[in-house]
Structure formats: C-alpha cells, structure tokens
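Below is one structure, written out as structure tokens, with a few remarks after it.
Throughout, read-outs are computed from the coordinates displayed, never taken from laboratory work. Given the structure is predicted, the values throughout are model-derived calculations rather than measurements. All Cβ positions, even for glycine, are placed from backbone atoms using ideal geometry, and neighbour counts span all protein chains on display.
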Amino acid sequence: MTTKSLIAANWKMNKSVKEAVSFIEDFKNYVKDVEIVICPSFTLLNKLNESIKNTNIKLGAQNMHFEEKGAFTGEISGLMLKDVGCEYVILGHSERRQYFNETDELINKKIKAALKNKLKPILCIGENLQQRNNNQTMGIIKKQIIGDLNNVSDREIKNIIVAYEPIWAIGTGKNATPEQAEEVHKFIRELLSKKYNGNAAKNTRIIYGGSMKPENAKELLSMPDIDGGLVGGASLDAKSFAKICSVRI
Ligand code: 13P
C-alpha cells in the first residue's frame, strides 16, 4: 500500500444531534493524526460540519441522488452535500442495493454525479453468502466493478475509494478472515490495473467493511491490499471507533 490508510464510520440510521455532537467531543480527544471520515445521517451533517472544525475528521454522506436539483421529493443531491461540508459519499452500499433496489447502472450515475460535484465516492461492492458458497464471488465483484465504474476515467479513479463489504459479514459479528479479504482486495486491484493506466490501481484505496472491530482491526489492516476500513456497528461508540482508528501497522 502506498497511500495513507483511511478509516470511515458508517453510522447508518442512528444517532440524534445531541448524541452525534457528544460522540465528536469524546472521539476527537482519543484520535490524532489519522484521516477519518464520519458518515452520519443527512439530518446530522450540518451540525457535525461545525463540530469537526479544527479536527482531522472529514464528513461523508451515506447516499445521494444523481441529479443536482429538481422535483425528486425526499432526495438529496451532491450539490447539497457539498454545501454542508461533505467531502465523501458512500455509494452502492449493499443495504441500498438490497432494500432500495439500486442497480449497478444507477450507482454508476451517482458515482459520475458525485465526481462532478467534487465528492469522493466510497463505492461498496461485495457478494452474499450464497454467491460465496457457489464460488461466484470474483464474478460478482467483476460485474460490480465494470458496471459501477463505467466511463470513470484514469483521472477520476484517483478520487474513488473502493470498499469490499462481503454481505455475509455485515452486522453479523463474523468478519471475513484477513486471508479471505486479502484475496478479494488483490483481485479488485488487479481488475483496476487492467482497466486503468499508470499507478491508478496502486494508488486507489481499497478498504474493508464487515464486522470490523477493535479485536480484529489490526490483523485485517495488516494485509498488503487492505488500505483501511468501513466500520458500521463498532463506529457508533467513540471509544471503540477510536481503538480501530489508532491501529498502527
Ligand atoms: P458492520 O461493521 O456493522 O458489520 O457494518 C459494516 C458496514 O456495512 C459498513 O458500511
């Protein structure tokens, strides 16, 4: 890995404004000198944009619409996310694919829109348990990479973070073993090196998500192709997230 590692928190549908502000107050005392991204609910973004001033915490959203504005009731655009201080946006999370029927085609449109708005997409990909058991993992990963990154250029790929999140490891407490994760991360890097020129594949951060916690973070983050983490449940508690962010390889 040549780039600095990145640890991102996906808070999913959790926390009130009061709880979120108190998290930042606690967390910023624990962790220094690491690039951290917190992705809270839309309702918390504006307030947290103030709370993270003068810290090394960056702000990300969990989803966005691909249009900039218009008659799309209930949606949030990339332009709006920039306006409240977001630098990152999670796209293609398996929960969006599964519960909101997001397709690779739609995710690709969102990726292009995010890049246009100077937001860095954290693109989530990964297989479910049945696909893993049927030896379809690499095929699924390849299909997602090809579809989600359609028309993404050599210049643009530098601003994308790929998150490998095996669905069977999300919220189950059962993480992929470091070897299982590394095998897929390496495969993703190979796909990127075929698709992109120069150092793009080497410099793209490929992070792991799926039951990452203080007890397993070090062994996962020590693998050569794992450049960081996307943490769900264990990111909701400041102390536990700080422990993950403090891992030094
Ligand atoms: P958990 O860490 O709770 O398994 O969630 C992972 C995830 O979905 C992050 O996007």
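So if I check each of 167, 161, which one is within 16 Å of the ligand (Cβ to nearest atom) and within 20 Å of residue 244 (Cβ to Cβ)? Before the answer, list the steps.
Numbers: 167 fails: within 20 Å of residue 244 (Cβ to Cβ).
Every option except 161 fails the conditions.
Give me the helices (runs of 4 or more DSSP H) completely within region 1-101, filtered to those with at least 2 residues that are touching a residue at least 60 places away in the same chain (Cβ under 8 Å), farther than 21 Å from residue 210 by Cβ and out of contact with any Cys (no Cβ under 9 Å at 6 or more places or on another chain), ordered by residue number.
Values: elements: 17-30, 42-51, 78-83, 94-99.
Those helices (runs of 4 or more DSSP H) span 17-30.
Evaluate the following for residue 46: is it out of contact with any Lys or Arg (no Cβ under 7 Å at 6 or more places or on another chain), surrounded by fewer than 16 Cβ atoms within 10 Å (Cβ to Cβ) and farther than 26 Å from residue 170 by Cα? So that I can check it myself, show each step before the final result.
On the way: out of contact with any Lys or Arg (no Cβ under 7 Å at 6 or more places or on another chain): yes; surrounded by fewer than 16 Cβ atoms within 10 Å (Cβ to Cβ): yes; farther than 26 Å from residue 170 by Cα: yes.
Criteria met by residue 46.
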| said: Looking at 153, 240, 193, can you tell me which residue is farther than 29 Å from residue 106 by Cβ and either away from the ligand (no atom under 16 Å from the Cβ) or surrounded by fewer than 18 Cβ atoms within 10 Å (Cβ to Cβ) (or both)? | reply: 240
| message | Return the residues of region 205-236 that are free of Cβ contacts under 8 Å to residues at least 60 places away in the same chain, away from the ligand (no atom under 11 Å from the Cβ) and surrounded by fewer than 21 Cβ atoms within 10 Å (Cβ to Cβ); say none if nothing qualifies. | response | 214, 215, 218, 219, 222, 223
| request: Give the number of residues within region 170-179 that are within 16 Å of the ligand (Cβ to nearest atom) and surrounded by fewer than 16 Cβ atoms within 10 Å (Cβ to Cβ). | output: 5
| query | If you check every pair at least six apart or on different chains, which have Cβ atoms under 6 Å apart with a residue in region 131-152 that is without any contact (Cβ under 8 Å) to a residue 24 or more places away in the chain and of a type in the set (Val, Ile, Thr) first and a residue that is surrounded by fewer than 13 Cβ atoms within 10 Å (Cβ to Cβ) and assigned to a helix (DSSP H, G or I) second? | reply | none
